[in-house]
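Could you have a look at this structure, given as structure tokens, before my questions?
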Amino acid sequence: MQTDHHLGRSWRSRWERHPGVRTGSRLTLGERAADRTRLVMGSWPFVLSFLAVLVVWITGNGRHGFDPYPYILLNLVLSCLAGLQASVLLISARRSDQVSSELAMHDYRTNRSTAVAIASLQSEVADLSAQLARVEALMKTRL
């Protein structure tokens, strides 16, 4: 998990604080689970702990354990895990797409409101410029 060096917080917490992204109680149970799963399964601690479990399984069983070589039960567990993990990763990817869409929509709304504000300011500047030109013309006629 990458951190923000100034705040010491994860990148995830940066978008969780973004005003355009729904968080907390506004998320469904499935969306919260997808966020947590993505953080756990996409991390080095998960990979290293998974490798540790494999090493313990293989060394603990050897030739005389409850699942001796060629580790039929281990193969079954890994196959089931791979099937579930593919589904979980797709769900997490869909949630990431949803977050990206929410961020893009927020940016779009911000850009539109900024464009409206800029147009309004340009109109005011044009009006003030016209008034200034009239005042200058009036001043020249009085002199």
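Coordinate-derived values only; no laboratory data. This one's a predicted model, so the numbers in the text were calculated from it and none came from an experiment. For neighbour counting, all protein chains shown are included, and Cβ atoms are generated from backbone atoms with ideal geometry for every residue, glycine included.
What residue among T59, T110, T37 has the largest mean-square fluctuation in a Gaussian network model of the chain, using Cα springs under 10 Å?
T59
Do the sum for the chain: with -39,500 (n - 2.57) for every DSSP H run of n ≥ 4, divided by all residues, what is the mean residue ellipticity at 222 nm, to the nearest 500 deg cm²/dmol?
Helices in the chain give a 222 nm mean residue ellipticity of -27000 deg cm²/dmol.
If you don't mind, another one. If you place +1 on the Cβ of every Lys and Arg and -1 on the Cβ of every Asp and Glu, how big does the dipole about the Cα centre of the chain come out, in debye to the nearest 20?
The calculation lands at about 240 debye.
Working out 0.36 nm times the residue gap between I91 and V125, then minus their Cα-Cα distance, what length gain in nm do you get to one decimal?
The I91-V125 span can extend by a further 7.2 nm.
Additional query: Only loop residues by DSSP count here, and only those with at most 12 other Cβ atoms within 10 Å; note down the trypsin sites (Lys or Arg not before Pro) in segment 51-143 that meet that.
R63
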